[in-house]
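Just below is one structure, and these are the notes that go with it.
The values are calculated or read from the model by the stated rules, or taken from the named source; none is laboratory data. Remember, it's a predicted structure, so these values are computed and weren't measured experimentally. Heads up, the Cβs are rebuilt from the backbone with ideal geometry, glycines too, and the neighbour counts pull from every protein chain shown.
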Amino acid sequence: MKIVKIFRNDELARKYAPVLLQKSEVKPNPEELLYRMTRKDGNLLIAYHVVWPYEKAEGNGFYSLLNKIFYTGIFKFQRIIYGPKDVEAIELKIDEKSGKILGIKYETAIEKKGKIIHVPVIKEFDKPLDPPLFFEVVTWNHLFRYVENGKSSDANVYKLEPKYFEERLWKYYRMTKKYKHFLSRDRAHFDWERI
C-alpha cells in the first residue's frame, strides 16, 4: 500500500483557491474554505472543502416536502448522517513544473422528478489552465458547476481565504466514519486525504 503524505502550504493553497459563484436564492453563504494537499505522479493535488453553516431544502413537490421534514428540517437527519454544517469538495490536479491546472474533480447535480441526483465530474483540460478557476454553487445542497469563463450574471462572488484542514477539524466535521450505514456516511472527500 502506497503511503500518501498530506502537507501544508498556505501560499500554494491561496494561489489555486477556487472562486465561488453563488446566486442569492441559494442559501446560506459559504463561510469557510479548508484544504489538504499531496503529491502524486509528478503532480500536486489540492482538495478544497467549502463549508456552509447548514443546508436547507428548497423547492416544491413531494421529495422536497420529505426532505424539508426529515433531512434538513424538523428531524435534521443530515447532521446525524454526515455531521455538523455542510461540507463539499473540489480537487485540482496541478503540474508542479509549469504550475498549470491539468484537471478537476467535483460533484454536480441533475434533477429527476424533483429529486437531486449527485453526479461525480472528472475533467481533464486539453489546454492546461492558470488559476483561479470558478465554480458556481448550483443547488440548495451546494453542488458545483465549473464555469469556464468565470462569469455568472447575477451571482455573488466569494473569494475565501483557504485554511489548512487539520486533523482536529477533520474529526469535528466527521469527514470519514469507521462504521458506515444508512445513518452514518462519509462526507465529500478524496481517498488520498485520509491520514
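Some points to look at:
- Checking Pro120, Pro128, Pro132 one by one, the residue that is out of contact with any Ser or Thr (no Cβ under 6 Å at 6 or more places or on another chain) and part of a loop (DSSP other than H, G, I, E, B) is Pro132 and no other.
- Filter result for the condition that a residue is free of Cβ contacts under 8 Å to residues at least 40 places away in the same chain, surrounded by fewer than 15 Cβ atoms within 10 Å (Cβ to Cβ) and assigned to a loop (DSSP other than H, G, I, E, B), over Lys178, Lys171: Lys178
- Scanning the range 127-145 for residues being closer than 22 Å to Asp95 by Cα and touching a Phe, Trp or Tyr at 6+ places or on another chain (Cβ under 6 Å) gives a total of 2.
- In the range 88-117, the residues that are outside any strand (DSSP E or B), on the phi < 0 side of the Ramachandran plot and touching a Phe, Trp or Tyr at 6+ places or on another chain (Cβ under 8 Å): none
- Selection from the range 181-195 of residues that are farther than 14 Å from Thr38 by Cα and either surrounded by 12 or more Cβ atoms within 10 Å (Cβ to Cβ) or acidic (Asp, Glu) (or both): Ser184, Arg185, Asp186, Arg187, Ala188
- Of residues in the range 125-149 being without any contact (Cβ under 8 Å) to a residue 24 or more places away in the chain and of a type in the set (D, E, K, R), the one nearest to Pro84 (Cα to Cα): Glu148
- Any hit, the range 141-161, residues being assigned to a strand (DSSP E or B), at pLDDT below 95 and out of contact with any strand residue (DSSP E or B) (no Cβ under 8 Å at 6 or more places or on another chain): no
- The lone criterion from (1) in contact with a Leu (Cβ under 9 Å, 6 or more places away or on another chain); (2) surrounded by 11 or more Cβ atoms within 10 Å (Cβ to Cβ) left unmet by Glu111 is number (1).
- Test: residue in the range 30-52 that is in a loop (DSSP other than H, G, I, E, B), modelled with pLDDT of 90 or more and surrounded by 15 or more Cβ atoms within 10 Å (Cβ to Cβ): yes
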